[in-house]
C-alpha cells in the first residue's frame, strides 16, 4: 500500500480549474449559495467546477435526480441560478453558466461520491505527481475518513481527498 507523506500545493490547476478536494473558498461559497435553489427544483447539487481565465469565468453546475436529469431540469436550474447571481453577484466580471447532468463518466466531488462508487474503475488526476505519477486509473477500493483507496494492478494507493484534482468514474459498456 502506498500512502502520501507531504501535502500538495494548494491552488488552481494548470487548466484553471480549482482542485476538487482543495477547492477555493469562493467555489464553496457559490455551492452554498445555490444549493437551496437547486434542491427546491427537485434536483441534487452533484458538484461545481469554477475556472477563471483573466476576467472571464466559467461555472459548471452538475445536477442529478434519481429518475434522471432532463433538459428542462437544466434550464430551470440555469434560470434560477442566473436570477440569484443577478442579485448576489458571487462572480465578478463576465461569466458563463453551464448546467448539466454528471453523466456516466461523472466527476466525484465529495467523499460520499467516492463511497457510492466503490468497486468501479476510476480515473484520478492528482494535484501534483505522487511516486512519479500524476494520473492513476484503477479500481476504487475504498474510503477511509478523508482518504480514497485506489487499486492499480497489484498496488494500492491511499490518497487524501485534497490531493485529488479530479476523479471520474470510467463507464463500463457491456
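The angle separating the long axis of helix 71-88 from the principal Cα axis of greatest extent in the chain is about 70 degrees.
Classify region 41-84 from the C-alpha gyration tensor, please: rounded if a/c falls under 1.5, else prolate or oblate depending on whether a/b exceeds b/c. Prolate shape, in that a/c is at least 1.5 and a/b is the bigger ratio.
Residues 48, 92, ranked from the fewest to the most other C-beta atoms within 10 Å, line up as 92, 48. Legend: calculated FRET efficiency, residue 67 to residue 133, from the Cβ-Cβ distance at R0 = 35 Å, rounded to 0.05, equals 0.35.
Between the Cα long axis of helix 25-40 and the first principal axis of the chain there is an angle of about 60°, rounded to the nearest 10. What the pair-distance distribution of the chain shows, using all Cα-Cα distances binned every 5 Å from zero, is 1, 8, 17, 19, 18, 16, 11, 7, 3, 1, 0 percent. The residues 75, 156, when put in order of fewest to most other Cβ atoms within 10 Å, stand as 75, 156.
A simple spin-label model places the labels of residue 174 and residue 117 1.8 nm from each other, with each point 7 Å out along Cα-to-Cβ. Over region 25-100, the Kirkwood radius and the radius of gyration, each from Cα atoms, give a ratio Rg/Rh of 0.95.
The numbers here are math on the coordinates, done by the rules we state, and not lab data. Nothing here was measured: the structure is a model prediction, and the numbers come from that model. Here the Cβ is made from the backbone with ideal geometry for all residues, glycine too, and neighbour counts use every protein chain on show.
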